[in-house]
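A quick write-up on the structure given underneath.
The values are calculated or read from the model by the stated rules, or taken from the named source; none is laboratory data. This structure is a prediction, so every number in the text was calculated from the model and none was measured. Please note: Cβ atoms are built from the backbone with ideal geometry, for glycine as well, and neighbour counts cover all protein chains shown.
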Amino acid sequence: MSTPEEPKDSRQKQAEKIASHPEQYKVCEGCGSIVVARAVTCPSCHAYLFDSSAPRVILQAQTLALRNPNSVLSSDLN
């Protein structure tokens, strides 16, 4: 069972937070998730290749804010 979907404005606020400090984040090349800069592997797909360039982080944050979430949660696997 998934948790209820986040409201669009919540996703937009998170995107704005990320875009205002892109140096604190990076984009997973495996699944496109945005993770904190200190992450060694992606918590979603366990990939270890990232793009930490500010333009890529900002673009990905804006892209993810506009679409519905489609992640598989650990609770979905139980």
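List of remarks:
- The stretch 9-37, residues that are under 21 Å from Asn70 (Cβ atoms) and part of a loop (DSSP other than H, G, I, E, B): Glu29, Gly30, Cys31, Gly32, Ser33
- Of the residues Lys26, Lys8, the single one that is surrounded by 12 or more Cβ atoms within 10 Å (Cβ to Cβ) and at pLDDT below 90 is Lys8.
- Among residues of the stretch 43-57 that are more than 11 Å from Ser33 (Cα to Cα), those with a Cβ under 6 angstrom from a residue that is assigned to a helix (DSSP H, G or I), sequence gap 6+ or separate chain, pair up as Ala54/Pro22.
- Residues of the stretch 48-78 satisfying the condition of being among the aliphatic types (A, V, I, L, M) and at pLDDT 95 or above: Leu49, Ala54, Val57, Ile58, Leu59, Ala61
- Applying the condition of being among the small types (Gly, Ala, Ser) and in a helix (DSSP H, G or I) to the stretch 38-64 and asking which residue is surrounded by the fewest Cβ atoms within 10 Å (Cβ to Cβ) yields Ala54.
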